[in-house]
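A.B. asks: One structure, pasted below without further comment.
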Amino acid sequence: MTLTTCNYTSKLNQARSTWHSGWWWFKSVIIIFSIASTLFLPLQIIQLYGELARIGAGIFLILQLISVIEFITWWNNYWMPEDDKMKNQSSNCFLGLFMSTLFYVASVIGIGMMYSLYVPKSSSCTLNIFFITWTAILLGVMMLVSLHSKVNRGLLSSGIMGSYIVFLCWSAIRSEPAGKKCSPQKEHNNKHVDWTNVLGFLIAISAIVMATFSTGIDSQTFQFLKEDDEAEEEKDDDDIPYEYGFFHLVFSLGTMYFAMLFISWNLESSTNNKWSMDVGWASTWVKIVNEWLAATIYLWKLIYPALKQTGVENNQLRERRSVMP
């Protein structure tokens with residue numbers, strides 16, 4: 001689908017647009033044939049796809065991070081606008097401040113609960129302490145950078161991003177394998193545990209599908225040279241609403257990410273328990289690195305405009321000094 005729609009489709013009335021949004025009976029046949037054919041492929045090809053899927057899953061995580069950060073930026077600009085006219089709408093600003101406080105309180109409570117649940121007093125749990133403490137440090141750094149006079153981005157975006165990295169830290173600790181003193185994955189004999197795992201399994205799948213779809217239709221975010229407002233207004237009504245090729249590419253990367261979740265990023269063995277998903281040290285470290293990368297990208301997005309503006313001011317100052325006698 002990516003190869004047949006990429007860079008070829010621009011209008012809704014083109015044949016490839018119909019291929020993208022129709023022909024479901026033929027696509028169903030292709031899906032059934034593709035699934036059945038994998039049962040007869042040699043193990044070497046499956047292993048090769050597994051190695052490629054690791055790379056594709058990593059790319060998907062990066063694209064998802066960029067999409068999340070862009071959404072947070074849009075939300076911050078909507079509730080805490082920089083325009084003086086928009087600032088007069090006190091209701092929006094009040095709600096923005098309320099949401100900022102809410103997200104920061106939720107982040108602090110989340111860090112406290114992780115210390116309480118995943119750092120037992122009977123053992124050191126050094127790794128969990130490091131994960132949680134470093135998350136708290138990142139939360140504080142993002143808050144200070146957002147409030148810096150040269151950045152001045154307010155607390156809403158950093159509060160939302162802080163809640164996101166706290167969630168990633170919690171998810172990473174939850175992925176630690178069972179049998180460890182500090183692992184939350186305890187062995188239970190309760191017959192209702194399987195239903196809890198199934199429910200969490202379905203919620204995780206639904207969340208990933210929604211994230212994949214929202215990222216796939218947001219191709220404008222990942223363009224190096226974005227279109228200006230005038231170019232947007234010049235678009236016709238029959239232009240495609242989003243890049244079909246990029247949409248299918250994101251979904252192909254999303255399927256690779258699904259595959260890694262099902263096997264916990266481990267290509268060598270399949271020792272997961274029934275209905276377990278994304279459990280193991282590989283999954284833990286992938287989520288931790290994802291958290292650190294999210295914080296790094298967000299901080300760079302805050303700092304880069306200030307650095308750029310400082311560079312422009314320094315260049316102007318040098319030009320003035322060179323002109324002066």
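The values are calculated or read from the model by the stated rules, or taken from the named source; none is laboratory data. No experiment lies behind these values; they were computed from the predicted model shown. Cβ: placed from backbone, ideal geometry, glycine included. Neighbour counts: every protein chain shown.
A.B. asks: Among the numbered conditions (1) small (Gly, Ala, Ser); (2) under 13 Å from residue 60 (Cβ atoms); (3) modelled with pLDDT under 80, tell me where residue 269 comes up short.
C.D. replies: Condition not satisfied by residue 269: (2).
A.B. asks: Sticking with this structure for a sec: Which condition breaks for residue 76 when tested against (1) modelled with pLDDT of 75 or more; (2) surrounded by 19 or more Cβ atoms within 10 Å (Cβ to Cβ)?
C.D. replies: Going through the list (1) modelled with pLDDT of 75 or more; (2) surrounded by 19 or more Cβ atoms within 10 Å (Cβ to Cβ), residue 76 breaks only (1).
A.B. asks: Follow-up. If I go through segment 12-28 residue by residue, how many of them are under 27 Å from residue 262 (Cβ atoms) and either touching a helix residue (DSSP H, G or I) at 6+ places or on another chain (Cβ under 6 Å) or surrounded by fewer than 10 Cβ atoms within 10 Å (Cβ to Cβ) (or both)?
C.D. replies: 1
A.B. asks: Scan segment 158-176 and give yes if some residue there is in contact with a Gly (Cβ under 7 Å, 6 or more places away or on another chain), surrounded by fewer than 18 Cβ atoms within 10 Å (Cβ to Cβ), modelled with pLDDT of 70 or more and within 25 Å of residue 129 (Cα to Cα), otherwise no. I'd like the intermediate steps shown before the answer.
C.D. replies: Within segment 158-176, the subset in contact with a Gly (Cβ under 7 Å, 6 or more places away or on another chain) is 166, 170, 175.
Still in the list and also surrounded by fewer than 18 Cβ atoms within 10 Å (Cβ to Cβ): none.
There is no residue in segment 158-176 that is in contact with a Gly (Cβ under 7 Å, 6 or more places away or on another chain), surrounded by fewer than 18 Cβ atoms within 10 Å (Cβ to Cβ), modelled with pLDDT of 70 or more and within 25 Å of residue 129 (Cα to Cα).
A.B. asks: Something else now. Would you mention how many residues in segment 39-61 are β-branched (Val, Ile, Thr) and farther than 16 Å from residue 265 by Cβ? Give the steps one after another, and end with the answer.
C.D. replies: Residues of segment 39-61 that are β-branched (Val, Ile, Thr), as a first pass: 45-46, 55, 59.
Those still in the list that are farther than 16 Å from residue 265 by Cβ too: 45.
Total satisfying the criteria: 1.
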